[in-house]
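> Below are the structure tokens for one structure; questions will follow.
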Amino acid sequence: ERLRPDAAVAFVGLDAAYRERFGSPLCVADSYRPYHEQVLLFQQMLPGMAAHPGTSQHGLGLAVDLCGGVHELGSPEHAWMLSHAPTHGWVNPHWARNGFEPWHWEFTG
Ligand SMILES: [Zn+2]
């Protein structure tokens with residue numbers, strides 16, 4: 001998996017805190033996504049379910065899609081992320097809240 005260097009450094013710090021709490025690393029389903037992959041995803045998904053090619057934070061290496069419980073709204077892992085990830089610069093953006101994309105986290109610096 002790949003991220004922009006500053007996002008990667010912050011993610012390693014977040015992962016260390018997560019490991020301390022849950023005893024396992026953050027589960028990463030997707031991170032940097034090259035342009036051609038976003039085009040394919042956009043073509044395969046229902047309207048509104050994937051960003052227009054060229055506009056996704058995944059294309060900039062500033063987003064991750066997480067698994068391992070973080071992807072489930074209301075899980076202990078998701079709740080922990082909501083309260084701890086922002087101190088490491090990572091957020092579940094407002095458009096992704098309320099169960100729309102609980103797995104999607106973006107680096108805000
Ligand atoms: Zn995503």
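> Being at positive phi and either aromatic (Phe, Trp, Tyr) or more than 14 Å from the ligand (Cβ to nearest atom) (or both), is that true of even one residue in segment 97-108? Walk me through how you get there before you give the answer.
Kept after step one, since they are at positive phi, are these residues of segment 97-108: 98-99.
Applying the additional criterion that residues be either aromatic (Phe, Trp, Tyr) or more than 14 Å from the ligand (Cβ to nearest atom) (or both) yields 98-99.
Checked against the condition, which is being at positive phi and either aromatic (Phe, Trp, Tyr) or more than 14 Å from the ligand (Cβ to nearest atom) (or both), segment 97-108 yields at least one hit.
> Pick from PRO53, PRO47, PRO93: which is farther than 22 Å from ARG2 by Cβ and not hydrophobic (A, V, I, L, M, F, W, C)?
On the way: PRO53 fails: farther than 22 Å from ARG2 by Cβ; PRO93 fails: farther than 22 Å from ARG2 by Cβ.
It is PRO47.
> Quick check, is VAL64 assigned to a loop (DSSP other than H, G, I, E, B), modelled with pLDDT of 95 or more and either within 10 Å of the ligand (Cβ to nearest atom) or under 21 Å from ARG2 (Cβ atoms) (or both)?
Numbers: assigned to a loop (DSSP other than H, G, I, E, B): no; modelled with pLDDT of 95 or more: yes; either within 10 Å of the ligand (Cβ to nearest atom) or under 21 Å from ARG2 (Cβ atoms) (or both): yes.
Here the answer is no, as VAL64 does not meet what is asked.
> While we're on this one: Return the residues of segment 13-48 that are more than 13 Å from the chain's Cα centre (by Cα), hydrophobic (A, V, I, L, M, F, W, C) and surrounded by 11 or more Cβ atoms within 10 Å (Cβ to Cβ); say none if nothing qualifies.
Looking only at segment 13-48, we keep the residues that are more than 13 Å from the chain's Cα centre (by Cα), and these are 13, 16-25, 34-48.
With the extra rule that they be hydrophobic (A, V, I, L, M, F, W, C), the set shrinks to 16-17, 22, 39-42, 45-46.
Within segment 13-48, ALA16, ALA17, PHE22, VAL39, LEU40, LEU41, PHE42, MET45 meet the criteria.
> Continuing with this model, one more query. Pick from segment 67-96 the residues that are open to solvent by 60 Å² or more (accessible area, probe 1.4 Å), within 16 Å of the ligand (Cβ to nearest atom) and in a loop (DSSP other than H, G, I, E, B): which of them is farthest from CYS27 (Cα to Cα)?
LEU73
The values are calculated or read from the model by the stated rules, or taken from the named source; none is laboratory data. The structure displayed is predicted, hence computed values, not measured ones. Cβ atoms come from the backbone with ideal geometry, glycine included; neighbour counts cover every protein chain shown. To get the accessible areas, we keep the full protein, side chains included, count just its heavy atoms, and leave off ligands, DNA and RNA. Shrake-Rupley method; radii C 1.70, N 1.55, O 1.52, S 1.80 Å.
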